[in-house]
Structure formats: structure tokens, C-alpha cells
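Reading through the C-alpha cells given below for one structure.
The values are calculated or read from the model by the stated rules, or taken from the named source; none is laboratory data. Everything quoted here is computed from the prediction, not taken from an experiment. Glycine also receives a Cβ, built like all others from the backbone with ideal geometry; neighbour counts cover every protein chain displayed. These accessible areas exclude ligands, DNA and RNA; they are computed on the full protein's heavy atoms, side chains included. Shrake-Rupley method; radii C 1.70, N 1.55, O 1.52, S 1.80 Å.
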Amino acid sequence: MNLSIIGTGYVGLVTGACFAKLGHTITCVDIDPEKVQKINNSVSPIYEEGLESLLLTYKDKISATSDYQTALMNTSITFICVGTPSMKNGTIDLSYLKEATKQIATILKNKNSWHLVVVKSTVLPGTTHNIVLPLLEQYSGKKVGIDIGLAMNPEFLKEGVAIKDFLEPDRIVIGFNDEKSRKTLGELYKKFSCPIVDTSLSAAEMIKYASNAFLATKISFINEIGNLCKKLGVDTYDVATGMGLDKRIGRAFLDSGIGWGGSCFPKDIDALIDWAKEIKEHTRIIESTKAVNTDQPLRLVEILKKHLPTLKGKTIGVLGLAFKPNTDDIRDSRAIPIIKELLRNGAHIKAYDPQAMNNFKTLYPTIDYCSTASEVLSADAILITTKWKEFTTLNYQGKIVIDGRKLEQAKNAKIYEGVCW
Ligand code: UGA
């Protein structure tokens, strides 16, 4: 099939590259001419394991443009994969989604054949039906459900392993407006062996939010348990293993530490809390999930202070700036509140990350960035904030190490303490 993908962030580009691998022809659309040029040269504008090699291998099947007309006229299905960031007050910013929808509808006005529009961007329940659908009809002058198909197909990709997650999903969720849309999207996914959940547009939207909120809750829950375990001298990772063997619970996302960050959990949780207020509902569990996560990284600094009571004038090494390993993404990284707190206490920072230092420099231009991980070890104490594989080979002997990510190899330090262990 010929598919167009609007937005070439990690969701859009991974979706495009993976569908190309599955034999489809892809036209990516992005307003940023630099991204368009890169994709046409088979260079990935973002760091995502395996993405560039897919762009290169399937270069005959993937092209990019800034022109909606070319993209829409030559394809029969369009995926909207634009960002839905948080605004300052936590509410979701739908401006990119609305603009993309208007552009699509304006082109569809002059298209004679049926076209399927699929929302892949993360949007709150009701958005596809109440915002996308009317805009499509208003700007195309056509009827959704007759001339235009509409579906909502959330993504469940994890950064760093997005390609594997796309090609081997646990499930595919198809929220559909009409039978033809369901059948067409079902046909596109027919080679996948996982269960396909056919449902309403709003349920598909809710599945995405509920999944992310539940995963974040699992992490905050185990962090709360971990804080108790630490007081008792109990290993919280043994507790997670014991709990996780219960099939109803499962071991995944029970790694305790300094909490969750990234481009998804924080913004989705804020949007959900805000939306619940709008519809006059309380989200007590989800708000607590967020509150635990706000406090958790600061515990690392509290533990550090047990060993270095005065941080003023001390040099503190920070290993890891990305929100998790194998990405250069620093959005809501737990290193941010930790560094802020260290600076507030008058400490001097020596930081290192294999991928994320350039991004971090835009936030903190004046802290010291080391060119190797081992340079950080000369600091008065070291905090481990991201579990990069590279940090497992360092020699921590004789050092003070406070660990936020359970790095076994750091246990041979002179003083070693973990946030929940
Ligand atoms: C998350 C979800 O896992 C994906 O399913 C979803 O599609 C994606 O958001 C999205 O909405 O686009 P991602 O943000 O890439 O994926 O990151 P995760 O691997 O889920 O990690 C999130 C944070 O939780 C990281 O800071 C990680 O260090 C932390 N984490 C994860 C823990 O502290 N403990 C764990 O056991 C697992």
C-alpha cells in the first residue's frame, strides 16, 4: 500500500521505516526542510537504534517532502504522527494536530478517491471524534464515514527499542469510526501475529493513556515499596522478583530507582490529571504516582548528604543525563532535578553521558562536562542516574557512590548506597 506519514518525530519515522520494511511505499511529510533533506539522504534526524539502517536499506521505498499535496494524492492512508506536547500548565497542546488535520482535509477536498486518516499521535479520549472529525469535514467539504475514513491507532513504542516494539508488538489497537476504516487498517496489520483490539475511537485513545499511567504507577509503586525496603534493610529487587513471578503482576517495570522521565510518561500523566479536572473527576492514584516521582530523585541527594554533610564547594560526579539508556533524550530526565538540587546546595558538578551531553548543555551550559566516564570518578562523590552499559566497566574502588539505578558493578566502591537498597 502507499502510505503517508505526517510528522517525522520518533513515532512517525519509526512507523514509516517499519512499514517500508513490511513492503509498503512511504511518503513522510514534515514542515522542517532540514529533516526532509536528511530523510531523503537516508540520514535519521533522531538517534534511535537501527533506524538509520532501515532508512538506508529501504531508501527506494521511503521519501520525504514538505508538500501535503504530493503526499496525499499519491497515497491512500495517512497517519498523523505529530507531537502533542504539554503546555506550561500541563494541558495538551493540539495545535500541530489541528494544523495537520486542516492541511490534510484541504487536499482531500480535491481528491476523488476514498482516503483513510489515522491518528497515531497521543490524544485525550474524545479528541479524534470531537476535534479531528469535524475539522476534516469542515475543510474538505466531505463526509467522514463515507468519503473519508477515520481511525485511531495508538503507538506503544519505547525509545531505544522502538523498531523491535513496532515489529513485535504485544497488541495492536484499532479505534475505528466506520467499518471500511477498520477493515482497511486491519488489512495493513494482517501480517502481525499479535492480538488486534478493535474498538471505538475514544477507547483506543484511553487505552494509550491508561497503559502509560499504569506503567508509571507500577514504577512509583515499587519506588514507594523500595523506600520502605531500604529502611528495613530488605533488597527491593528481590521483592520485585518475588512479586513479578505472579502472572497477575509481572516483573516488567518494577525496577526501583530514581523514577520515570522521558517524553511520554510525564506529559501524558499531566494531561490526564488536567483533563480529569476538566470533567470534574479526581485522579487520586495518578496524582500520587506523580507526587512519588517528584520526590524520588531528591532522595539520592539526601543519601549523599549522609556521607558528605556539606555539599558546598564539593565536586559531585553525575553519571548519566539521558532519561534512560540508549537515547540522547533528556526530557524530564531524573538527572535534571538532581543537578538542580546539587547546585542549590553549592556543589560543583562533573557530568558525563555517552549520548545526551549536547542536549543537556542547552539546559545547563556551565556545569563541567567530561569527555570520558572515568573522568567523573575524580569527584568527591559519584551519583549514578542513568544505567548506561558503559558505566558497568568503571572501577569504583575507593569511591563514594550513591546509586539511583542499581548498577551491581558499583558495589565495590568504598562507600556504596542505593536509593531503594
Ligand atoms: C513509554 C512506554 O513504555 C511506551 O510503551 C510508550 O509507547 C511510550 O512511553 C510513549 O508513550 O510514546 P519511553 O518513554 O520510551 O516509553 O520509556 P520507558 O522505557 O517506558 O521508560 C520511562 C522511564 O521509566 C525511564 O525514565 C525509565 O528509566 C523509567 N523506568 C522504567 C524505571 O524507573 N523503572 C522501570 O522498571 C522501568
For the range 85-109, how many residues meet the condition of being at pLDDT 95 or above and either more than 20 Å from residue 126 (Cβ to Cβ) or within 17 Å of the chain's Cα centre (by Cα) (or both)?
5
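Among the residues of the range 9-33, write down those that are hydroxyl-bearing (Ser, Thr, Tyr) and at pLDDT below 95.
Residue satisfying the conditions is 10 alone.
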Quick one: in the range 159-191, of everything that is away from the ligand (no atom under 16 Å from the Cβ) and among the aromatic types (Phe, Trp, Tyr), which residue is most open to solvent (accessible area, probe 1.4 Å)?
176
State whether the residues of the range 26-47 include one that is in contact (Cβ under 8 Å) with a residue 60 or more places away in the chain and more than 29 Å from residue 270 (Cα to Cα).
no
Please state which of the following conditions residue 235 fails to meet, knowing it meets all the rest: (1) more than 19 Å from residue 156 (Cα to Cα); (2) modelled with pLDDT of 95 or more.
(2)
Could you list all residues from the range 235-253 that are open to solvent by less than 60 Å² (accessible area, probe 1.4 Å) and either outside any helix (DSSP H, G or I) or in contact with a Cys (Cβ under 9 Å, 6 or more places away or on another chain) (or both)?
235, 236, 237, 239, 246, 250
So is residue 128 β-branched (Val, Ile, Thr), over 23 Å from the mean Cα position of the chain (by Cα) and either open to solvent by 50 Å² or more (accessible area, probe 1.4 Å) or more than 16 Å from the ligand (Cβ to nearest atom) (or both) or not?
no
How many residues of the range 311-351 are farther than 20 Å from residue 10 by Cβ, surrounded by fewer than 19 Cβ atoms within 10 Å (Cβ to Cβ) and touching a residue at least 12 places away in the same chain (Cβ under 8 Å)? The answer is 9
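Rundown of residues vs (1) open to solvent by 60 Å² or more (accessible area, probe 1.4 Å); (2) out of contact with any strand residue (DSSP E or B) (no Cβ under 7 Å at 6 or more places or on another chain), yes/no style:
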position	(1), (2)
12	no, no
44	no, yes
48	no, yes
64	no, no
68	no, no
87	yes, yes
91	no, yes
94	no, yes
